[in-house]
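Here is the structure we will look at, set down as structure tokens.
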Amino acid sequence: MMSTRTTEIWVGVFVAAGLAALFMLAMKVSNLSALNEEDGFTIEARFEDASGLKVRSPVTMAGVRIGRVVAIEFDKQSLQAVVRMRIDRRYDTLPADSSASIYTAGLLGEKYVGLEPGAGADECEEAALEAELEGRAPEPCEGGTRVLRDGSRIKITQGSLVLEKLIARFVSQFLEGGGKKEAAQ
Amino acid sequence: MLDLLQNLGRRGLGVFERLGRASLLLVQILSGLHTLLPRPRLVIQQVFSVGVLSLVIIVVSGTFVGMVLGLQGYNTLVDFGAEESLGVVVALSLVRELGPVVTALLFAGRAGSALTAEIGLMKATEQLSALEMMAVDPVRRVLAPRFIAGFISMPLLAAIFSAVGVLGGYFVGVGLLGVDEGAYWSQMQDKVDLYDDVYNGVIKSLAFGWVATWIAVFEGHDAVPTSEGVSRATTRTVVYTSLAVLGLDFVLTALMFGD
């Protein structure tokens, strides 16, 4: 039988190794070290078609992940899909007129929401531009460009492309085109 | 015909009788746990024999399971040009399923059988009765530390198994087969969720640790005090633990990932 001290040291090593393994699973294997979604703001976008998009799908801008989809609901008034996204707090300077589209990563990959930055124009700048064109002195205006904030809604959206719909459209156009040719002859 | 019915009835009653005794023993063990607080050395001693001594088999099997996953996953994924996802395949299968389940099966063979044999032999050589003669409750002194040691050791062993397996898959996938190192880790981190996958794996291994040591301790305590009885009890421990772990795994998986 080993001495009590050696036993205790070995048990200590064992427990430390187990905790280290758990720590590695948390930090290195899972997404704990990635974006902390709790710490951010939620924006909303309405899509005609959100098929294939899932909760936890990535939200990217310029190909970099800046947040995740947190909820997908159906709005019975507008008959659209309402997609709520949580954006990391670091990215609080996205122009308010950014547009959102649902893309597919690769041929068989998962769907994600891609944000494209708008011009950052706002009513102030537009008013100033108009005034300049009309030769008036620009009116004083408060605030800079508007940015996406908690609860903002993205207005310009492009839903998922469903392959069947595309093919159907292509086929119908093809048939129509063929019909016109025949008519011309 | 009547004999057959009689036999069947006796068997059925026997099953319920043993289940009842096992439950009562569990209650006794749980109600005796607080007496261990002032004497942690008893538990440490058992963590050593249950956990530390199982470490070698866990590390070696974990490495090889991870390596096989890496090899098989690569061969399947490369057909779809998706070998970048190897890390996800290896990590998810290990953390969700193979880590807890294989660890529990190895635990049943390595530690559970030893627990049953030890307690059964204590009973056969009347050491348990001797303890009772000295007004020491054998359930609290002998069974409770072993039960709690198994409960503590199993999640740690399963975590070590999974971590070593991920490294084994890394060795084969990145080292030998040429999967991109960055893709291996980043895809893994992208798809493996801390709460859904890692925590649920830990909960699974806690449940398995509970069941495995419960069965081992009960079979030892319930063994017929002869050499044949102890050997039968040891066999039953390994068989029942394996069946219970696999059945419980299905139930837990359905509860956790079923929706």
> Quick one: is B:VAL198 buried (at least 18 other Cβ atoms within 10 Å of the Cβ) and within 9 Å of another protein chain (Cβ to nearest Cβ)?
Replying inline: yes
> Would you pick out the residues in segment A:56-85 that are surrounded by 12 or more Cβ atoms within 10 Å (Cβ to Cβ) and over 13 Å from A:GLY114 (Cα atoms)?
Replying inline: A:ARG56, A:VAL70, A:ALA71, A:ILE72, A:GLU73, A:GLN80, A:ALA81, A:VAL82, A:ARG84
> Has segment A:34-43 got at least one residue that is open to solvent by 70 Å² or more (accessible area, probe 1.4 Å), of a type in the set (S, T, N, Q) and modelled with pLDDT under 80?
Replying inline: yes
> Applying the selection to segment A:3-19, what residues are open to solvent by 60 Å² or more (accessible area, probe 1.4 Å) and either facing another protein chain (nearest Cβ under 8 Å) or touching a Leu at 6+ places or on another chain (Cβ under 6 Å) (or both)?
Replying inline: A:THR4, A:GLU8, A:TRP10, A:VAL13, A:LEU19
> Taking segment B:97-139 on its own, how many of its residues are out of contact with any His (no Cβ under 9 Å at 6 or more places or on another chain) and either at positive phi or among the charged types (D, E, K, R) (or both)?
Replying inline: 7
> Do you know which residues across segment B:31-43 are open to solvent by less than 80 Å² (accessible area, probe 1.4 Å) and either at pLDDT 90 or above or not in a helix (DSSP H, G or I) (or both)?
Replying inline: B:GLY32
> Consider B:SER186 against the criteria (1) surrounded by fewer than 24 Cβ atoms within 10 Å (Cβ to Cβ); (2) among the polar types (S, T, N, Q); (3) within 13 Å of chain A (Cβ to nearest Cβ); (4) touching a Ser or Thr at 6+ places or on another chain (Cβ under 7 Å): it satisfies all of them except one. Which criterion is unmet?
Replying inline: (4)
>> When the residues of segment B:89-145 are narrowed to those that are among the polar types (S, T, N, Q) and out of contact with any helix residue (DSSP H, G or I) (no Cβ under 7 Å at 6 or more places or on another chain), which ends up farthest from B:THR234 (Cα to Cα)?
In response: B:SER129
>> Kindly evaluate B:GLY220 against the criterion of being crowded, with 16+ Cβ neighbours inside 10 Å and in contact (Cβ under 8 Å) with a residue 60 or more places away in the chain.
In response: yes
> Could we say that B:GLY229 is assigned to a loop (DSSP other than H, G, I, E, B), more than 14 Å from every other protein chain (Cβ to nearest Cβ) and over 22 Å from B:LEU157 (Cβ atoms) here?
Replying inline: no
> Where in segment B:94-183 are there helices (runs of 4 or more DSSP H), lying fully within it, with 2 or more residues that are away from every other protein chain (no Cβ under 14 Å) and of a type in the set (S, T, N, Q)?
Replying inline: B:113-124, B:127-133
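The values are calculated or read from the model by the stated rules, or taken from the named source; none is laboratory data. Please read these numbers as outputs of a predicted model, since none were measured by experiment. Cβ: placed from backbone, ideal geometry, glycine included. Neighbour counts: every protein chain shown. Areas reflect the complete protein model, heavy atoms only, side chains present, ligands, DNA and RNA absent. Shrake-Rupley method; radii C 1.70, N 1.55, O 1.52, S 1.80 Å.
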